[in-house]
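The values are calculated or read from the model by the stated rules, or taken from the named source; none is laboratory data. Model, not experiment: these values are computed from the prediction. Positions of Cβ are backbone-derived with ideal geometry, glycine not excepted, and every protein chain shown enters the neighbour counts. Just the protein is used for accessible areas: all its heavy atoms, side chains included, with ligands, DNA and RNA removed. Shrake-Rupley method; radii C 1.70, N 1.55, O 1.52, S 1.80 Å.
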2 protein chains.
Amino acid sequence: MNSLSKATLGRLPAYLKYLRTVDGEHISSASIAKALGFGEVQVRKDLAAVSGKGKPKIGYETKSLLNRLECCLGLEHREQAILAGAGKLGRALLDYDGFADYGVEISAAFDCVKTMQLSEGGKPIYPIEEMQDYCFRNGIRIGILTVPGSAAQEVCDLMVKSNISAVWSFAPVSLKLPENVVLLRENLALSLAHLQNQLSRP
Amino acid sequence: MNSLSKATLGRLPAYLKYLRTVDGEHISSASIAKALGFGEVQVRKDLAAVSGKGKPKIGYETKSLLNRLECCLGLEHREQAILAGAGKLGRALLDYDGFADYGVEISAAFDCVKTMQLSEGGKPIYPIEEMQDYCFRNGIRIGILTVPGSAAQEVCDLMVKSNISAVWSFAPVSLKLPENVVLLRENLALSLAHLQNQLSRP
């Protein structure tokens, strides 16, 4: 499957939620659009990316569309991710349950602890030395970086050594990564600044 | 000033940090580009958006460029923002000090508390009933929404009543806002899902 645009991906949980409530063997893009308040062109485009075109005058086969949506959202094979840096932000992400809608679960965190601890939500926080072994054993591909900037490159290197292929970094520094590792830098301060910039100066 | 692109805005702290270390009345885009590892065309474009063009063969007047950068980053007039919902994510944002680089400070949080409490970082968390009065008194324009989805619209309405003109929402729901209020929805689960989607399926 080609990778979906972020906008399309963002609408998939809404399609899935709605389709789970409808009966009938087929459903048209028009009725989906109406129920969700989306444009019909957008619905057709989204669903084409997910499952191919509907049949003229008949629409989509409800069950197979449901299956395709679940597959795209990774719900049949929930992916496990790990997190490094169990400070406030790290713990907030670790115990956030909204990731499950998109088929990802943070299964463990790593930090400078001597023995395993549990987060408030009951997720394990292991000594950072155990990251590599844990990732190998569980086939982890995604690492979330919530350590301070000063430790970010070192921990990121450890993620790469642990065979992680995508890093989501909240650390406010540039990171050097091999070309085959995907990096997504989240700069929350910049998002806030950009919002402020859209207001006129006082 | 026109609003800057998010990418340009994101580079301004680097320019500022560098310019604070240089001596000399003038500085060229070439030397800035070299010092920061940016492309020269990009530097010229960024600085044109901030301060106008440099003079041929002379460059930019260092001091006035510094002033313009500080102004664009709001450092001469630090803007205060408020936050509603002092759960884990809310407290992580409240005590995060990276916002200051961009001239924004979260000065207070509001939640269902009976009396004022302090966060770990020493920021006040007030009863939510006091939001409107606080915002009026302090001329607050930016509100950060980190309440659960079920409370988001109600608290958002309260922000609008408090004269807030930009809302940064982490709540996983759609919000109805007057047209003159800017909304930025942060969907962290979607960011993670999009990263996952860039990897091939296992």
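Overview of results
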quantity	calculated
Exposure of residue A:23 as accessible area (Å², to 10), given a probe of 1.4 Å and all protein chains	140
Carbon + sulfur, % of accessible area of chain B - ligands and nucleic acids excluded, 1.4 Å	50
Built amide H within the under 5 Å cut-off of residue A:119, gap 5+	A:125
Top of A:163, A:138, A:180 by mean-square fluctuation, Gaussian network on chain A, Cα under 10 Å	A:180
Rotational relation B to A, axis-closest Cβ in chain B, residue and distance rounded to whole Å	B:92, 2
Residue B:185 long-range amide H proximity, modeled H, under 5 Å	B:169
Shortest-first nm distances, residue B:78 label point to equivalent points in other copies (7 Å, Cα→Cβ)	4.2
From phi via Karplus (6.51, -1.76, 1.60), per-residue ³J(HN,Hα) for the stretch B:25-37 in Hz, x at Gly/Pro	6, 10, 8, 8, 4, 4, 6, 5, 4, 5, 5, 9, x
Label point 7 Å beyond Cα along the C-beta direction, distances from residue B:138 to other copies (nm, shortest first)	3.9
The stretch A:133-202: trypsin sites (Lys or Arg not before Pro) in DSSP coil with no more than 11 other Cβ atoms inside 10 Å	A:176
Under the Karplus curve 6.51 cos²θ - 1.76 cosθ + 1.60, θ = phi - 60°, whole-Hz ³J(HN,Hα) for the stretch A:109-115, x wherever Gly or Pro sits	10, 10, 7, 7, 10, 7, 9
DSSP-assigned coil residues among GluC sites (Glu not before Pro) in the stretch A:110-170, each with at most 14 further Cβ atoms within 10 Å	A:120
Spin-label model distance (nm) - residue B:45 vs residue B:181, 7 Å beyond Cα toward Cβ	3.5
Top of A:166, A:189, A:108 by mean-square fluctuation, Gaussian network on chain A, Cα under 10 Å	A:189
Placed amide H near residue A:60: partners under 5 Å, 5+ positions off or other chain	A:27, A:28, A:29, A:55
Among the listed pairs A:6/A:45; A:114/A:161; B:6/B:45; A:88/B:123; B:34/B:57, those beyond 18 Å (Cα-Cα)	A:114/A:161
Loss of accessible area when A meets B, both sides summed, Å² nearest 100, probe 1.4 Å	4700
Two-site FRET efficiency, residue B:129 against residue B:35, from Cβ-Cβ distance with R₀ of 60 Å, rounded to 0.05	0.70
MRE, 222 nm, helices only [DSSP H, n ≥ 4, -39500 (n - 2.57), over chain B, to nearest 500]	-12500 deg cm²/dmol
Cβ-vector label at 7 Å, residue B:64, separations to other copies in nm	6.7
Label-point separation in nm, residue A:117 to residue A:61, each point 7 Å along Cα→Cβ	5.2
The stretch A:29-80: GluC sites (Glu not before Pro) in DSSP coil with no more than 11 other Cβ atoms inside 10 Å	A:76
Highest-MSF residue in chain A out of A:109, A:92, A:35 [GNM, Cα springs under 10 Å]	A:35
